[in-house]
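Colleague: Please read through the structure below; I'll follow up with questions.
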Amino acid sequence: MPAHEMELLLQIFDQSYDKKSWHGPNLRGSIRGVEVHQAAWRPATGRHNIWEQVVHAAYWKYIVRRRLLGEKKGSFPLKGSNWFTRPETMSDDAWRDDVSLLEETHQKLRTAIVALSPEDLRVKPPGSKVSNAMILTGIAAHDVYHAG
């Protein structure tokens with residue numbers, strides 16, 4: 001994969017999270033200005049709230065980074081996987097901490113992507129049916145999906 005395709009992949013990744021894009025709000029933009037009571041509001045029993053969506057997105061960014069780097073499980077800062085019941089503590093600080101977790105996991109994943117060679121994008125990580133490129137376009141789509 002040529003270098004210009006790496007640049008395009010990073011552009012897609014960035015636009016899905018926090019850079020200006022044509023499709024409307026990205027993930028970071030969709031939570032800008034959301035206050036703790038809004039983040040904790042649950043639309044119906046058994047449905048996820050905004051807060052849970054934020055932590056879910058952070059978790060999957062962690063998973064993608066771990067797969068790219070071949071790291072072992074167990075380093076996500078919260079116990080559990082995929083969906084995390086939120087809020088545990090209804091406070092502005094707790095909400096900001098989880099938004100910070102999303103930002104940190106995004107930046108760590110972006111750093112891992114930048115370190116890849118174009119050839120690395122064709123590689124299928126152990127246990128995966130798809131290439132790193134497909135995984136990365138998938139996590140970008142995941143961000144846009146949850147921004148909605």
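Colleague: Please identify every one of the trypsin sites (Lys or Arg not before Pro) in the stretch 50-148 that sits in a loop by DSSP and has no more than 11 other beta carbons within 10 Å of its own beta carbon. All intermediate terms of the calculation are to be shown ahead of the outcome.
Modeller: Values: sites: LYS61, ARG65, ARG66, ARG67, LYS72, LYS73, LYS79, ARG96, LYS108, ARG110, ARG122, LYS129; in loops: LYS72, LYS73, LYS79, LYS129.
Sparse-neighbourhood loop trypsin sites (Lys or Arg not before Pro): LYS72, LYS73, LYS79, LYS129.
Colleague: Residues of the chain: accessible area per residue at 1.4 Å, in Å²? Provide the component values of the computation, followed by the final result.
Modeller: Values: 8690 Å² over 148 residues.
With all protein chains present, the chain gives 59 Å² per residue.
Colleague: Computing the accessible area with a 1.4 Å probe over protein heavy atoms, can you report the carbon and sulfur percentage for the chain?
Modeller: On the way: 4690 of 8690 Å².
On the chain, the fraction of accessible area on carbon and sulfur atoms equals 54 percent.
Colleague: Run the reach check for LYS20 against lysines, Cα to Cα strictly under 26 Å, same-chain hits fewer than 8 apart removed. What comes back?
Modeller: LYS61, LYS108
Colleague: Using θ = phi - 60° and the Karplus curve 6.51 cos²θ - 1.76 cosθ + 1.60, what whole-Hz ³J(HN,Hα) does each residue of the stretch 70-76 get, with Gly and Pro shown as x?
Modeller: Those phi angles translate into x, 7, 7, 5, x, 9, 5 Hz.
Colleague: Expressed in nm to one decimal, what extension gain is obtained for the pair THR89 and GLU35 from 0.36 nm per residue of sequence separation less their Cα-Cα distance?
Modeller: 18.0 nm
Colleague: Take the Cα of ARG47, step 7 Å along the line toward its Cβ, and report every residue of the stretch 70-86 whose backbone nitrogen sits under 17 Å from that point.
Modeller: In the stretch 70-86, the label zone of ARG47 (backbone N under 17 Å from the point 7 Å along Cα→Cβ) covers 86.
Colleague: If you stretched the chain out fully between ASN82 and LEU8, how much longer would it get, using 0.36 nm times the residue separation minus the C-alpha to C-alpha distance? Can you show the working numbers first?
Modeller: On the way: separation 74, 0.36 × 74 = 26.64 nm, distance 2.80 nm.
Computed gain between ASN82 and LEU8 is 23.8 nm.
Colleague: Students often get this wrong, so try it: which of [x] 0.96; [y] 1.07; [z] 1.14 is Cα Rg over 2.2 N^0.38 Å as calculated from the structure shown?
Modeller: [y]
Colleague: Listed highest first by mean packing, meaning other Cβ atoms within 10 Å per residue, what order do 132-139, 49-56 come in?
Modeller: Details: 132-139: 18.2, 49-56: 20.8.
The most tightly packed comes first, giving 49-56, 132-139.
Colleague: Nearest 0.05, what FRET efficiency do ARG96 and ARG122 give at R0 = 30 Å with Cβ-Cβ as r? Write down the numbers at each step before the final one.
Modeller: Working: r = 39 Å, r/R0 = 1.30.
Efficiency computed from Cβ-Cβ geometry: 0.15.
The values are calculated or read from the model by the stated rules, or taken from the named source; none is laboratory data. Values in this document were obtained by computation on a predicted structure and should not be read as measured data. As a convention, Cβ positions derive from the backbone with ideal geometry for all residues, glycine included, and neighbour counts pool all protein chains shown. What goes into the accessible areas is simple: the full protein's heavy atoms, side chains included, and nothing from ligands, DNA or RNA. Shrake-Rupley method; radii C 1.70, N 1.55, O 1.52, S 1.80 Å.
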